[in-house]
Each structure stands twice: as C-alpha cells, then as structure tokens.
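The structure appears below as structure tokens.
What follows draws every value from the coordinates through simple rules; no lab data is involved. Here the structure is a predicted model, which is why all the values come from computation and not from measurement. Please note: Cβ atoms are built from the backbone with ideal geometry, for glycine as well, and neighbour counts cover all protein chains shown.
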Amino acid sequence: MEGYLRNLSETGRLGKIIGSVLRVGDLIALTGPLGAGKTTLTRGIAAGTQSLAEVKSPSFTLMRVYPGRITLFHLDVYRLRDASEVEGLAVEEYLQEGAVILEWADKVAAWLPEDGLWVELSPLEKIDERWVHLTARGARGAALLTEVAQRWP
Ligand SMILES: Nc1ncnc2c1ncn2[C@@H]1O[C@H](COP(=O)(O)OP(=O)(O)OP(=O)(O)O)[C@@H](O)[C@H]1O
Ligand SMILES: [Mg+2]
C-alpha cells in the first residue's frame, strides 16, 4: 500500500488509523531519512491509541513509553553503534507488554522479529508532502496492513 501524505494532518490521520487498529505484540518499523516524519507519524499513532502522552524523539533516551488503550514503546536506534547495543533493546520483551514503534528500523532489521508493518516515509519536493509505502511482514503484519488499508485514505 502506498500513497501521498499531502501535509502534516494527513500524516497525523494515517498515524491515528494505525494506532486505532494496533494490538499488543505489533511492531511498526519506521524507515526514511532525517526529517522524513517518523516521529510525527508516531505522534499520530499514539493519538490513535488514545494516549495523552507527549511524543518526542527518543534519540537520546533510546526508548519512551506511552500508556494508552495499549502501551506503546517508542524506540529510535539512529544512535546505536553496534550489535551489543541492539541486543540490549529487548524488543521481544516490549512486544509482550505492548506495541513497538521503531525509528530507523532498517539499521537493526536483522535483529527484529519476522512479523511487522514496515512504513517507509520519503520526502518530496514540496516541503509538506511525503510519500508513504507500507509493507507487511508475516501474518500479523499482513492482518494489520489489511485493517489499515480498509480505513485509508
Ligand atoms: N506531511 C508531513 N508529514 C510529516 N512531517 C511533516 C510533513 N510536512 C511537514 N513535516 C515536518 O517535517 C518534520 C518531520 O520531523 P520528524 O521529527 O517527524 O522526522 P523524523 O523522520 O522522525 O526525523 P529523525 O530521523 O531526525 O528522527 C517536522 O518538522 C514536521 O512538522
Ligand atoms: Mg524521529
């Protein structure tokens, strides 16, 4: 599934849709360059889980937790340097308790569970526009993508 996000509010709306269908055990793997909108999309996802938490980039803290309809674990692995740091992330443990949203997922793809929804954000020429491409991995990823596609655009 792919399409245009013409402005900030369309990115927010896609995020809210994802958040509304997200379940414990789901992994949302976000990719795209600096400033693509990964944290912005995460803000929408958190809103979609009825979380009242303030979503900020976890670049320095590695992980932030947002309580809501389900618990979200927001991770950003941009600053990770080696495999031992990745192993310390315990993504599988977070997935037992909630859903994981991971920025820069392509950097740690080899360490991630099979299942997930991969979301790639690409900047376009117009400053407010993004192209988004969603790819399902595994059975749960496919189910999630189907549910999102039914509601979007
Ligand atoms: N349609 C859009 N979707 C998402 N962000 C947009 C859009 N239009 C403009 N923006 C702006 O682009 C910036 C995206 O920043 P954001 O922190 O979400 O990117 P990021 O991918 O998380 O970056 P980083 O790699 O540094 O973590 C924000 O300032 C946001 O307001
Ligand atoms: Mg970010």
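In region 89-145, if the dipole is taken from +1 on Lys/Arg beta carbons and -1 on Asp/Glu beta carbons about the Cα centre, which of LEU145, VAL91, ALA109 is farthest to the positive end?
LEU145
Which residues make up the longest stretch of the chain clear of trypsin sites (Lys or Arg not before Pro) that lie in a DSSP loop with no more than 16 other Cβ atoms within 10 Å, not counting the sites?
That would be 82-125.
Return a single number: how many Lys pairs in the chain, at a sequence separation of 8 or more or on separate chains, have alpha-carbon atoms below 22 angstrom apart.
6
For the chain, with a Gaussian network of springs between Cα atoms less than 10 Å apart, report the residue from GLY138, GLY12, GLY32 with the top mean-square fluctuation.
GLY138
Taking region 23-99, which chymotrypsin sites (Phe, Trp or Tyr not before Pro) meet the DSSP loop condition and have no more than 10 other C-beta atoms within 10 Å?
Counting only loop positions with at most 10 other Cβ atoms within 10 Å, the chymotrypsin sites (Phe, Trp or Tyr not before Pro) in region 23-99 are PHE60.
Using θ = phi - 60° and the Karplus form 6.51 cos²θ - 1.76 cosθ + 1.60, what ³J(HN,Hα) does each residue of region 15-24 get, whole Hz, x for Gly and Pro?
x, 4, 4, 4, x, 6, 10, 5, 10, 4
Explain nothing, just the number: relative contact order of the chain, from Cα pairs under 8 Å at least 6 residues apart, as a whole percent.
32 percent
What longest region of the chain stays clear of GluC sites (Glu not before Pro) that DSSP places outside H, G, I, E and B and that have at most 16 other Cβ atoms within 10 Å?
55-113
For the chain, give the share of DSSP beta bridges that are antiparallel, in percent and rounded to the nearest 5; count only bridges with both residues there.
55 percent
If I histogram all Cα-Cα distances within region 1-140 using bins 5 Å wide from 0, what percent of pairs lands in each bin?
Distribution as computed: 2, 11, 22, 25, 21, 13, 5, 1 percent.
Give, as a single signed number, the net charge of other residues whose beta carbon lies under 11 Å from the beta carbon of LEU62, with Lys and Arg counted +1 and Asp and Glu -1.
Here the count lands on -1.
How large is ³J(HN,Hα) for each residue in region 101-109, as worked out from phi by the Karplus curve 6.51 cos²θ - 1.76 cosθ + 1.60 (θ = phi - 60°), to whole Hz, x for Gly and Pro?
10, 10, 7, 6, 4, 4, 5, 10, 3
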